[in-house]
Amino acid sequence: YVVIPTRRSTAEAFQILVAHALGDAGSPYLIGLMSEGLRPLIASPTVTEDYVNFKCLQYSLFLTIFVEVLGALFFLLTALHIRKDKALVDLTIA
């Protein structure tokens, strides 16, 4: 509702572009970087290499949970302002 109707499709296209550029392109690299960073903390002489690889990747993928919670918090923050923003858009269009 924040963007006037004649520009909504362009705004949505930019939002999708940025979301995919940051999320789809960067997330595998970030997960791999974290997985490699956790290796010294998890590796020990008593566990196998497969176990270390599994645990490193598992803990790295837990990062996505925190990103989703952060996204949910931002969504809730925007939900608090949607009626006011909709009223402002209606005034701008009228």
Practice problem: Kindly indicate whether any position in the range 37-48 is out of contact with any strand residue (DSSP E or B) (no Cβ under 6 Å at 6 or more places or on another chain) and either basic (Lys, Arg) or touching a residue at least 24 places away in the same chain (Cβ under 8 Å) (or both). | Solution: yes
Quiz item: Which condition number does residue 4 fail, the rest of (1) over 30 Å from residue 93 (Cβ atoms); (2) in contact with a Ser or Thr (Cβ under 7 Å, 6 or more places away or on another chain) being met?
Solution: (1)
Quiz item: What tally of residues in the range 1-57 results from selecting those that are closer than 30 Å to residue 83 by Cβ and of a type in the set (S, T, N, Q)?
Solution: 4
Quiz item: Pairs under 6 Å by beta carbon, first residue under 14 Å from residue 30 (Cβ atoms) in the range 60-71, partner of a type outside the set (A, V, I, L, M), six or more apart or different chains?
Solution: 60/35
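Where in the range 16-94 are the helices (runs of 4 or more DSSP H), entirely inside, with at least 3 residues that are exposed (fewer than 12 other Cβ atoms within 10 Å of the Cβ) and at pLDDT 95 or above?
Numbers: elements: 49-61, 63-79, 82-93.
Fully inside the range 16-94 and qualifying: 63-79.
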Exercise. Return yes or no: is residue 11 touching a helix residue (DSSP H, G or I) at 6+ places or on another chain (Cβ under 6 Å), modelled with pLDDT of 90 or more, surrounded by 11 or more Cβ atoms within 10 Å (Cβ to Cβ) and of a type in the set (A, V, I, L, M, F, W, C)?
Key: no
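The values are calculated or read from the model by the stated rules, or taken from the named source; none is laboratory data. Just so it is clear, the model here is predicted, and its values are computed rather than measured. Using ideal geometry, Cβ is built from the backbone for each residue, glycine included, and neighbour counts are taken over all protein chains shown.
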